[in-house]
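For reference, the structure is listed below as structure tokens.
What follows draws every value from the coordinates through simple rules; no lab data is involved. These figures come from a predicted structure and were not determined experimentally. Here the Cβ positions follow ideal geometry from the backbone for every residue, glycine too, while neighbour counts run over all protein chains shown.
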Amino acid sequence: MADYIWLIPVFPAVGFIINGLLGKKTSRTFVAWVACLSIFLSFLVSAAIFYEFLHLPPASRIFEKDIFDWITSGEFSVPIGFRIDALSVIMCLVVTGVGFLIHVYSAGYMHDDAGFARYFTYLNLFVFMMLLLVTGNNLLLMFVGWEGVGLCSYLLIGFWYEKDSASNAGKKAFIVNRIGDFGFLLGIFLLFVSLGSHGVWTLKFSEIQPHAHLLSASVVTLITLLFFVGATGKSAQIPLYVWLPDAMEGPTPVSSLIHAATMVTAGVYMIARLNFLYSMAPDTMFVVALIGALTAMFAASIGFAQYDIKRVLAYSTISQLGFMFVAVGVGAYAAGIFHLMTHAFFKGLLFLGAGSVMHAMSGELDMRNMGGLRKKIPITYVTFFIACLAIAGIPGFSGFFSKDEILWKAFSSGNMVVWLIAAITAGMTAFYMFRLLLSTFHGQCRASEEVKHHIHESPKIMTVPLMILAFLSLVGGYVGVPHILGGENRFEKFLEPVFGPAGHTASASAWNLDFISKAWAGEGAAHNASSELNLMILSVVIAFIGIYIAYLFYIKKPDLPKQFVEKFSGFYHTVHHKYFVDEIYFTLFVRSLLGIGRFLLRVVDERIIDGMVNGTGHLMRGIGSIIRRIETGYVQGYAFGMILGAIIVVGYLIWIG
Amino acid sequence: MLSDVPYNLYFALSGILFTIGAIGAITRRNAIIVFMCIELMLNAVNLAFIAGGNMLSSMDGTIFVFFIMTVAAVEAAVGLAIFVMIFRLKQTINLDEINLLKG
């Protein structure tokens, strides 16, 4: 099987080429089949590798194959090579599995769109790039994928480019990502140079890892921080999260696949992939965990005051990505990847559900104009409900296992501040998700009569992927049932070859409130077990409180939100406008950059550069206007000149003798 | 017979003829006359070539003269044709009025 791993990214690439070249000339059915089939074949290969891994001893669960040398310079060479290990096979399964379902859904959702072939071409390209990102065996190839998914994200956000808001959102996403990518690139350079100064010229993961000990602590901290800058861009964390809510301008399945399930998790994957570097830099780890926790809470609070269902889901995605960063920040890489997987299921489902709601409501996005859809679109409702339960962390659903794993790991690592923020955010998550669910599907229908008349369930091609994802959201967590609940946490065990033995989390750094965690959690193993259970109960209680408040606000006493808004109108206003972050960024960065740009245009370009070019022209013209007076046009004048010249020359020759 | 006359006189005559031709070519306004002056200059040169060739007992001068006469004939043909065309165009061959090359 090891020889065939390159097939995983190649299938979508082939689909991209076929659809890109022939898409316009062939039928929609053909395009949809090519697109879906190419992803499905990738999925089959990934599944086959996964199956083979299960039958191999953990230590040999790694396939690596270099196809050819890409860049060679002296001792240094970068191959086009792929590496499949426990981590990348899970990523491949998530990307191709969820990707396939979303492709199928898209075939229904986008059916009447004029850019059908273009859409699937971009989507296949995206999956190709994403698979390149997760299967590349060196940092440079990973960076190619990293940039590639950014490009596809831009293309798909601005898919309806005739809409100003969509093309602006695409540009915003691209530029904000570029800032992060710059950090990522600097990180690669720094890593390359610092390893090179020890005589190790390489960017391959398998060669960086054994030589990582050569690097000094401060250099590793700087490298990992630079990589994290890249992650904040791609995975929408503070301070570079601003592009993700706007990315909802794209088609809804795109939001589902790219801006919820796969691309935005690239940062988490990258940190997990470079876990050996991050584990060497406890300071960076703390920054990662803190940023993750702050983002989680910040985004969740914005989610309270949004009315656009896709925007609520976007902020929820940012918040959940924060959770993943909390996990990798406290050294619980497996928990982070676990949450990444379950999140891909339920968030993918939520977005597809939102798409189905839009489909039913003739494109309506504002949930103030919804309500009571439960009876009219039952399949969407049930699947949406399951996803809400999963994201809220209700026991038995996938989100419960992964989120609790993260909370427990944050707690046991001693990052009390981080844990506290994350735990509160878990309750906030439950609240805003049920706010969304209740105001969309329950209560009175507030839609206009015309829209109401058209409400209908989506076709099978859309509902079947919903049901499959709902099933996965329901059972996806059972691969990682923690020991405390009688499970074996197979997920974590499967990832052990990549992340090292479980339970070995990062040591608490100097800033952590270590003493509190010791006082609370105790130090004995037995004590740990009971506190893990206590924490679990606590987080479930928090989730139920969140749900109850949502029930109180939006079903029982629908007047409460209004009173609340009136009472705290200033605060509400701030939250509703996303804490004015966009406006602050605009004033601080965009405007000053525009000022610099204007300066460069008006002064440097128009005055200096144009001045030099035009000045040369003016000079020549001036000289010409003087010299041309010689050219009278009279033939005899010229003849006179010739004779005069001849006389001078001859005279001179005679004179010098 | 040729050797009876000193060569200096031939060259002097050639120089006088050339100067007359050159002054005529520069000062006259009628294109035909300018043309004739140019012919005069060419023939002055021819005379100098012949005299030189004889003086040095070489055929080179004579050969040059053949070439110059050929070129002069060709020039006369082409030049007159051009003047005819110019006359048709402008109804004049006064060189003062033909200054299209003015910069």
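Measuring from centroid to centroid over Cα atoms, what is the spacing of segment A:326-388 and segment A:528-560 in Å? Here the answer is 19 Å between Cα centres. Taking GluC sites (Glu not before Pro) as exposed when DSSP calls them loop and at most 15 other C-beta atoms lie within 10 angstrom, chain A has its longest site-free stretch at A:163-487.
What spacing in nm lies between the two simple spin-label points modelled at A:Phe580 and B:Arg88, each 7 Å away from Cα in the Cβ direction? About 8.6 nm separates the two model spin labels. Legend: calculated FRET efficiency, A:Ala48 to A:Phe76, from the Cβ-Cβ distance at R0 = 45 Å, rounded to 0.05, equals 0.85. The relative contact order of chain A comes to 12 percent, based on Cα pairs under 8 Å that sit 6 or more residues apart. Helical content alone sets the calculated 222 nm signal of the protein assembly as shown at -23000 deg cm²/dmol, taking -39,500 (n - 2.57) per DSSP H segment of four or more residues and averaging over every residue. With a threshold of 29 Å on the Cα-Cα distance, the over-threshold entries among A:Lys375/A:Lys557; A:Lys65/A:Lys347; A:Lys375/A:Lys403; A:Lys310/A:Lys556; A:Lys234/A:Lys375; A:Lys310/A:Lys562 are A:Lys65/A:Lys347; A:Lys375/A:Lys403; A:Lys234/A:Lys375. For the peptide A:630-641, the mean number of other protein chain Cβ atoms found within 10 angstrom of a residue's Cβ is 5.
Evaluated with a Cβ-only charge set (Lys, Arg +1; Asp, Glu -1), chain A carries a dipole of roughly 1340 debye about its Cα centre, given to the nearest 20. Among the trypsin sites (Lys or Arg not before Pro) in segment B:42-103, those located in a DSSP loop and surrounded by at most 15 other Cβ atoms within 10 Å of their own Cβ are B:Lys102.
A DSSP coil position with no more than 14 other Cβ atoms inside 10 Å describes the following chymotrypsin sites (Phe, Trp or Tyr not before Pro) in segment A:539-569: A:Phe568. Counting Cβ atoms of other protein chains within 10 Å of each residue's Cβ and taking the mean over peptide B:21-33 gives 2. Using every pair of separate Cα atoms, the Kirkwood estimate puts the hydrodynamic radius of segment A:138-576 at 22.2 angstrom. Taking the charge dipole of chain A about its Cα centre, with +1 at Lys and Arg Cβ atoms and -1 at Asp and Glu Cβ atoms, the residue from A:Leu389, A:Ile643, A:Phe76 reaching farthest to the positive side is A:Ile643. Which of the aspartates and glutamates could a cross-linker bridge to A:Lys409, judged by Cα under 17 Å and excluding same-chain residues fewer than eight apart? Leaving aside aspartates and glutamates fewer than 8 places away in the same chain, those within reach of A:Lys409 are A:Glu488, A:Glu492, A:Glu496, A:Asp514, A:Glu523, A:Glu532.
Counts of other chain beta carbons within 10 angstrom of each beta carbon in peptide B:83-96 average 1. Length gained on full extension, A:Tyr652 to A:His618: 8.4 nm, using 0.36 nm per residue less the C-alpha separation.
Of the residues A:Tyr241, B:Ile50, A:Ile379, the one whose Cα sits farthest towards the positive end of the charge dipole of the protein assembly as shown is A:Ile379 (charges of +1 on Lys and Arg Cβ, -1 on Asp and Glu Cβ, taken about the Cα centre). Each of the peptides A:268-279, A:460-471, A:609-620 was scored by the mean count of other Cβ atoms within 10 Å over its residues; in descending order, highest first, they stand as A:268-279, A:460-471, A:609-620.
For chain A, DSSP calls about 100 percent of its internal beta bridges antiparallel. Taking the three principal axes of the alpha carbon atoms in the protein assembly as shown, the coordinate ranges are 144, 69, 51 Å, sorted in descending order.
Over the C-alpha trace of segment B:20-84, radius of gyration and Dmax come out as 13.6, 43 angstrom. Based on alpha-carbon atoms, the Kirkwood radius and the radius of gyration of segment A:1-93 give Rg/Rh equal to 1.09. Between A:Lys562 and A:Leu485, the FRET efficiency from the beta-carbon distance, with R0 = 45 Å, is close to 0.60.
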